[in-house]
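None of the figures in this text is laboratory data; all of them are computed from the coordinates on show. Note that the structure is a prediction, hence the values are computed from the model and not measured. Glycine gets a Cβ as well: all are built from the backbone with ideal geometry, and neighbour counts include every protein chain shown.
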Amino acid sequence: MLKRGEERIEMKYNFPSSFMWGAATSAGQVEGGWDEGGRGPSIMDILGGSVDGSVHRHQTEKIMPDVYYPGHVASDFYHNFREDIALMSQMGLKSYRMSISWSRVFPKGDELVPNEEGLQFYDDVFDELLKYNIEPIVTILHYDAPLHLADEYGGWSNRKMIDFYLNYCEVLFKRYNGKVKYWITFNEINCLLVPFGVITAGAMNMSYKSDKNTEQLRVQALHHQFIASAKAVTLGHQMNKDNKIGCMIAYMCNYPLTCHPEDIRLAQKEDQIKNMLCGDVQIRGAYPAYAKRYFDEKNIKIEILPGDEDTLRNGTVDFYSMSYYMTNCIGNDKTKELTAGNLVYGMKNPYLEATEWGWQIDPVGLRWVLNHVYDRYQIPIMIVENGMGTADTVQDGRVHDDYRIDYLRQHIQQIGESIKDGVEVIAYTPWSALDLVSLSGGTMRKRYGFIYVDKDDHGNGSLNRIPKDSFYWYKKVIKTNGLDLDSIEIHK
Ligand code: BG6
């Protein structure tokens, strides 16, 4: 007999047979080859590594000869993709969430004719994936739009970006028709609502200097991305009715720090604005009622043109996807200790452990979020990022990342519980397939991969790949469709 408040956690899960076990990366963090194959510079190419070891990268006006830019070579997937995909296949991946570098396809972003060499590169990548029956899940823009669009047009604060983006989408939908079925229009679109310099700058594709990074501009840029996304969904469906096109939200879950009603309300408001607003627009097809008050109170005026509301209503997405790494707390007592997190800082939760980067580990929070999101939208959900950044080390040619295995196991258990709750989770692609450049710090040291990449924070290293213990563990998880979350079979 269960006591009040207790639930039966059976540890055996019924993941659907079609469940897309996978792993994720993004072009700007893994590819490298930044000036090869006709590729133009992207906004991510001017992000230097953090100079003082902090999480803050610095952005330069243009490429400077004396600055180290970790993304220029990154993990060199550009030259190693066949070997990397072969390793992914050995791991048993059924899906690979990756992104396309816009400036590889349109070097400047505003051309009408694409760069054939760039298109061919992704043809080769998709062919390689499909050879191993790995389903590509493709993000169209993951913080790395062409630099020219920032310099010439001011990035997403300019409405012209919508047409450039749609031209890019049309080329992708046409070229990869039949190879790619799952598309994500924008990575973490809601980060435009967070004043986090480098990342919001990447999302806006403009400088993060304070005079340009105002909330008014960010919200206008977000509106342009909403319109671009909705038009891309409509276009993608017209071009192939089998295309499945989703939104992607960085889920920033904040618990009320206390049961004081003011803290409860604060957490609700934070959830509405930071998390639900973007889903509401992209899934329900209109700005939610609470957004109007929020924008009014902040004196933010969005320029909405005639036809925009119809565009949003007609271009709703087929699935919801999210990144989920951690949770924080929020409350009115400003003396409480803060801790780091993905995109945001928050208050410490006394019940949670944190990673060495201060991100609080909360598998049960994932179940809460999945239920919360599904209650609201009732459309399929993909968890396209989740993982643990740690400074892994190689010992006797192996990487014993049992902490990562623990992290992932506990999160998979909670996904299993959510599926039993009735939530339609269709994919899980942890961050990351292989080690790559950290977005916030520009380091390699903060490693997320199932596959170790021999490279340090200054660009030294052989770039050799070593499957970590988590690689072999995940392989078993996939092979048993989530039934065996405990064993590892190491194959040398
Ligand atoms: C997500 C981004 O916000 O978090 C990824 O979509 C990023 O691009 C990931 O790498 C982890 O963040 P970080 O800063 O540790 O690399």
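Here are the numbers for the structure shown:
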item	result
Measure of compaction for region 208-333 (Cα Rg per 2.2 N^0.38 Å)	1.18
DSSP bridge pairs, the chain: antiparallel proportion in percent, nearest 5	25
log₁₀ of I(q)/I(0) at q = 0.11, 0.15, 0.19 Å⁻¹ - region 46-131, Debye sum with one point per alpha carbon	-0.45, -0.78, -1.01
Percent of alpha-carbon pairs separated by more than 20 Å within region 13-168	53
Neighbour-count ranking [beta-carbon atoms within 10 angstrom, fewest first] of 231, 12, 181	12, 181, 231
Inter-site label distance for residue 259 and residue 132 at 7 Å from Cα along Cβ, in nm	5.1
Separation between Cα centres of region 296-326 and region 424-492, rounded to whole Å	33
FRET efficiency, residue 395 to residue 36 (Cβ-Cβ, R0 35 Å, nearest 0.05)	0.50
Order of 87, 277, 305, 235 - criterion: other Cβ atoms within 10 Å of each residue's Cβ, fewest first	305, 235, 87, 277
Inverse mean reciprocal Cα-Cα distance (Kirkwood Rh) of region 338-492, Å	16.7
Distant alpha-carbon pairs in the chain (separation over 30 angstrom), percent	43
Two-site FRET efficiency, residue 308 against residue 89, from Cβ-Cβ distance with R₀ of 51 Å, rounded to 0.05	0.70
Fully extended contour minus Cα-Cα distance, from residue 163 to residue 14, at 0.36 nm per residue	49.3 nm
Among 282, 432, 75 the positive-end extreme of the charge dipole of region 20-479 (Cβ point charges)	282
Region 215-283 - Debye-derived log10 I(q)/I(0), Cα point model, q = 0.12, 0.16, 0.29 Å⁻¹	-0.46, -0.69, -1.22
log₁₀ of I(q)/I(0) at q = 0.29 Å⁻¹ - region 254-314, Debye sum with one point per alpha carbon	-1.20
Charged-residue dipole, Cβ positions (Lys, Arg, Asp, Glu), region 20-479 about Cα centre, Debye nearest 20	900
Among 393, 146, 194 the positive-end extreme of the charge dipole of the chain (Cβ point charges)	194
Nearest-0.05 FRET efficiency for residue 238 and residue 300, computed from C-beta distance (R0 35 Å)	0.60
Ranking of 169, 259 by count of other Cβ atoms within 10 Å, fewest first	259, 169
Stretchable slack from residue 424 to residue 480, in nm (0.36 nm times residue separation minus alpha-carbon distance)	18.2 nm
